[in-house]
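Structure first, commentary second.
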Amino acid sequence: MTARSAMAARLAGHPTAVAVAKRIGVRLIAGVGVLWGAATLSFIALHVTAGDAALSTVAGQGANPTKELLDQVRRDFGLDQPLYRQYLDYLGRLLHGDLGQSYQQRIAVSRAIAEQLGQTVQLAVSAAAVAVLLAIGAAVLTARRRPWRSIASGVELTLSATPTFVIGIVLLIIFSFTLKVLPVSGNDGPRALILPMLTLALPIGAVLAQVLRSELEEVLEQPFILTARSRGMRDTVVRVRHALRHALVQIVTMSGFVVGGLLGGAVITETLFVRQGVGQLMLSAVTTKDIPMVLGLVVFAAFVYVVVNLLVDITYTLIDPRLVTR
Amino acid sequence: MSAFTATAAVLPRTSRVRLRPGLILAGLFVAVVVAAALVPQLLAPHDPLAIGAEGAFLPSGGGHLLGTDESGRDVLSRMVYGARPSLVMGLGATAIAVTGGTLLGLAAGLGSRLTESLIMRLIDVVLSVPELLLALVVITLAGAGSTNAMFAVAFASIPSYARIVRAQTHIVRRSTFVEAATGLGIRRSTVVWRHVLPNAIRPVLVLSTIGVGTAISAGAALSFLGLGAEPPAAEWGDMLSNGLQYISNDWFLVAVPSVAITLTVLSITVLGRELRRRSEGRST
């Protein structure tokens, strides 16, 4: 593309391909940087705790192993190598998807995660979908409509201030113990998924609804809404077809909050509903002080965060030209 | 990102001073919780750890307003005594987090470009991990227990505070009164201490009220996971996870601490939001 046509494109409000690629490239480098930082911090934590680690690997705490045995374990974990070598090896293994070996379970951390991931993805993705749908529904139906607006924001405030496990317990008391329509716990079937999914979705959906409504109310003040109404378009149609499209862009900035809420909430939700998954894996690793497993899961969480944010960002860069031209 | 920074830009700003009923109720409830934390012995009808002779799983009524738990201990008394550890967790974790966040944020906002980018990239890295997982890492390395849980919750929320302080420091240090003070030849440390810090920290102090509620909730979550306070201490999160074992027979044991935690967090959030609304109304 020549400089002249690039200028023309910019004047017309359309981003040039170069500008889009540049924005995506910058985000990509930043994401890789964050992951590198997370890996480095994880390596430092592993290294600082490695002394006890070799011991606890042999026979748990309080054991009194021979020096030969300890040296053997150190060699097995590569702890006898110089530090920079260990660091480079660690990064090299991460690039191959190897997150290290669990002390307690004696299997690869990446394998343990892979075994548990399906259940958690099912839970998190369905909860995210429910949260976004609830937020859109609540925001579109109640924005600038008194008294519904006040009622909805009261409910949202309560839900966002309620701890995740309390929401789960309330749902359990209502649907499992009083109405007896849904199972208390377990992994099997869609019926067992409903309560954990709602538990995870409600607090996230409440925060999203608050942000979306305030954005929607701002958009509804814009002149083009008045234009659409003056053409005789029905209020609901204006809201969904015109206002919502603009308001949804604001949700981009929330993707980090959503991913964080889902991953953190998964630990609580899977514990409460006795479900298998990555959250359960994390909790059992914490209680057994399985440091490589805990750090491996944290690096994995950072990876998920970076990838999701990057994907959302790229999608919106392509959809919304304002993000580049502004 | 934590929930309170996410919702920071949401509320409509009104500068009118108006006391809504919700605000009064929230204030009253916080007052009750503070009273329970300060003088639980005056409010609780029984010893929270004493095992009653009347028996376990007693329903409400009689000598036990909220009944007794699985060991025959008075539920109301345990709820009253549970206020103190919750408030200590909320206030302690927030104080540590605000102090750490302010130091980091000031160092980033006033330091050299290299210092600033180092600190901010570090914060980006830490923010890429959910707060609960960060707290769990601290507990794995330091061990469980209520003090460690407090530090874990604090550590996890330092980055959010540091970001706000840095942004604010940037605004303040370019303002005319700081330029004037520097122009008058006042020492840099005095300028930072007397002029930059007080102005940079104000929005953080307002946000930290909401942060107290968030910290109480996070601390209760850790106790719920069995990583916070040790039994038999009267602590809401622990009462809750304990009661969960008996939820199919007697869900009341779980409902009582749930209501206590939720109302406390909600009341503090409502008060914090009002505070934020007013401070923004005045400053703009």
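Just so it is clear, none of the values below were taken in a lab; they were calculated from the coordinates. This is a predicted model, so every value here is computed, not measured. Neighbour counts are summed over all protein chains in view; Cβ atoms, including those assigned to glycine, are modelled from backbone coordinates with ideal geometry.
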- Query: How do B:Glu280, B:Glu54 line up, fewest other C-beta atoms within 10 Å first?
  - Reply: B:Glu54, B:Glu280
- Query: Where does the charge balance sit around B:Phe224 when Lys and Arg score +1, Asp and Glu -1, over other residues with C-beta under 12 Å from its C-beta?
  - Reply: -2
- According to the Kirkwood expression over distinct Cα-Cα pairs, how big is the hydrodynamic radius of chain B, in Å? 20.7
- Query: How far is helix B:83-110 tilted, in degrees, relative to the longest principal axis of the Cα atoms in chain B, given as a value from 0 to 90 rounded to the nearest 10?
  - Reply: 10
- Using θ = phi - 60° and the Karplus relation 6.51 cos²θ - 1.76 cosθ + 1.60, list the HN-Hα couplings for the stretch A:25-33 in order, rounded to whole Hz, with x at every Gly or Pro. x, 4, 5, 4, 5, 4, x, 4, x
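Within the set of other residues whose C-beta is less than 10 Å from the C-beta of A:Val252, count the net charge using Lys and Arg as +1 and Asp and Glu as -1.
Result for the neighbourhood of A:Val252: -2.
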- Item | Centre separation in Å (Cα based) which lies between the stretch A:253-326 and the stretch B:145-163 | 19
- Could you work out which residue, out of A:Val32, A:Val48, A:Val307, moves most in a Gaussian network model of chain A, that is, has the largest mean-square fluctuation with Cα springs under 10 Å? A:Val48
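Could you work out the relative contact order of the stretch A:230-299? I mean the mean sequence separation of Cα pairs under 8 Å and 6+ apart, divided by the number of residues, in percent.
Answer for the stretch A:230-299 is 16 percent.
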- Task: Quantify how strongly other chains surround peptide B:207-218 by giving the mean number of their Cβ atoms within 10 Å of each of its Cβ atoms.
- Result: 1
- Note on the structure: Output ordering of A:178-187, A:126-135 (per-residue mean of other Cβ within 10 Å, highest first) is A:126-135, A:178-187
- Run the numbers on the stretch B:186-267 and let me know its relative contact order in percent, using alpha-carbon pairs under 8 Å that are six or more apart. 23
- Message: Relative contact order of chain B, please, whole-number percent, based on alpha carbon pairs below 8 angstrom and at least 6 residues apart.
- Response: 24
- Mind checking the mean number of beta-carbon atoms from other chains within 10 Å of the Cβ atoms in B:238-251? 2
- Message: Let me understand the stretch A:94-240 better: what is its radius of gyration from the alpha carbons, and its Dmax, in angstrom?
- Response: 20.9, 69
- Message: If you build the convex hull over the alpha carbons only and average its shadow over all orientations, what do you get for chain A? Give it in nm² to one decimal.
- Response: 23.1
- Euclidean distance of C-alpha centroids, the stretch B:92-144 and the stretch B:229-284, integer Å: 26
- With chain B treated as a Gaussian network of Cα nodes joined by springs under 10 Å, which of B:Val191, B:Val33, B:Val80 yields the largest mean-square fluctuation? B:Val191
- Query: Short version: what are the Cα gyration tensor semi-axes of the stretch B:98-184, square root of 5 times each eigenvalue, largest first, in whole Å?
  - Reply: 32, 13, 9
- Message: Just to confirm a number: summing +1 for Lys and Arg and -1 for Asp and Glu over residues other than A:Thr164 whose beta-carbon lies under 13 angstrom from that of A:Thr164, what do you get?
- Response: -2
- Name the residues whose placed amide hydrogens come within less than 5 Å of the amide hydrogen of A:Gln101, ignoring near sequence neighbours (fewer than 5 apart) on the same chain. A:Val109
- Message: Going by Cα centres, the stretch A:65-121 and the stretch A:122-157 are how many Å apart?
- Response: 44
- By its C-alpha gyration tensor, with a ≥ b ≥ c as the square roots of the eigenvalues, how is the protein assembly as shown shaped: rounded for a/c under 1.5, else prolate for a/b larger than b/c, else oblate? rounded
- Summarise the partner chain shielding of A:287-296 as one whole number: the mean count of Cβ atoms from other chains within 10 Å of each residue's Cβ. 3
- Query: Each residue of the stretch A:124-139 in order: what ³J(HN,Hα) in whole Hz does its phi give by Karplus 6.51 cos²θ - 1.76 cosθ + 1.60, θ = phi - 60°, with x for Gly and Pro?
  - Reply: 5, 5, 5, 5, 4, 4, 4, 4, 5, 5, 4, 5, 4, x, 5, 5
- Whole-Hz ³J(HN,Hα) from phi, Karplus 6.51 cos²θ - 1.76 cosθ + 1.60, for the stretch A:95-111, glycine and proline x: 4, 8, x, 9, 9, x, 10, 6, 5, 7, 8, 6, 10, 5, 4, 5, 5
